[in-house]
């Protein structure tokens, strides 16, 4: 998270395990952040971010700091330097993001790497059904979200210095292999639908092999909405961003269309017109128009893959529940989504793709 919602102060005192030397941070910011003036009052954003995120209040302005967590970490995990790099590269691109101020890759300062950025004021709406919004506001917000995603996928990643931000091409083959490996490593029960997906997906990857910058977790809950207007003013949580296939972001963004309210806060079967929300076909068509695509062949493959990936992630969470290492108080309910997500993905394969 990179903002403070103006209607809810979603912060708490810094967790004991996440405390650091505030004076050392002040010295760093005095040297590297233009216009900074101490003292700093630190609060921690609530939520399950893998990278602890803090609100830094000063007499002149507020900042947000995101850092690696303390302790022993996997080599490629919690790459705050990659987050900082992509957000910085996108300044001026038309993709709404916070302004970045400074990156620190010296563990000696506060114990782990961190970066400091703008505190964007606005609203965080986590439920894609937007129960508190009017039909007109829902329509405008879905159009804004669609426009932001399309803009991200039309950024020339080479021109903004991100040509080496990931491996171009063959994205789905690599992703399927990665998530199958992760799933098998944390498997807690036999899910027949998952076994079928594991066999079917690698054999039916579409020929479309375009490469763009992708967010990796693009959804309404990872954006900041303007305080009073129905438009997105910042995209958050870039830790999964890389070079990849743009339709992975689009299909993931569209998953609520195919899921029930009990699964991932979906709205399958809802009267979308009455709610002011576009149909999935209209949402995809708007994206295609904005990105210059004539259409999307085998679109349902991409949706099935998005559900497969999320099922594998859920299985990993359940694996931590079973082993007793899960920290999230909602871990069991999140992990229990593995089976319904896999079964819904396989139903799409059977119904739409002839699995």
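The values are calculated or read from the model by the stated rules, or taken from the named source; none is laboratory data. This structure is a prediction, so every number in the text was calculated from the model and none was measured. FYI the Cβ positions are ideal-geometry reconstructions off the backbone, even for glycines, and counts take in every protein chain you see.
Across segment 258-274, the number of residues qualifying as touching a helix residue (DSSP H, G or I) at 6+ places or on another chain (Cβ under 8 Å) and modelled with pLDDT of 95 or more comes to 1.
Residues in segment 143-164 that are crowded, with 19+ Cβ neighbours inside 10 Å and touching a strand residue (DSSP E or B) at 6+ places or on another chain (Cβ under 8 Å): 144, 145, 148, 152, 153, 157, 162.
Reported count of residues in segment 131-152, each being closer than 17 Å to residue 227 by Cα and within 18 Å of the chain's Cα centre (by Cα), is 4. Among the residues here, residue 209 does not qualify as within 19 Å of residue 87 (Cβ to Cβ) and either in a helix (DSSP H, G or I) or in the same structural domain as residue 173 (by TED's automatic domain parsing) (or both).
A quick yes/no check of all residues on (1) in a loop (DSSP other than H, G, I, E, B); (2) buried (at least 24 other Cβ atoms within 10 Å of the Cβ); (3) free of Cβ contacts under 8 Å to residues at least 12 places away in the same chain:
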{"residue": "217", "(1), (2), (3)": "yes, no, no"}
{"residue": "227", "(1), (2), (3)": "yes, no, no"}
{"residue": "237", "(1), (2), (3)": "yes, no, no"}
{"residue": "243", "(1), (2), (3)": "no, no, no"}
{"residue": "250", "(1), (2), (3)": "no, yes, no"}
{"residue": "257", "(1), (2), (3)": "no, no, no"}
{"residue": "261", "(1), (2), (3)": "yes, no, no"}
{"residue": "264", "(1), (2), (3)": "yes, no, no"}
{"residue": "267", "(1), (2), (3)": "yes, no, no"}
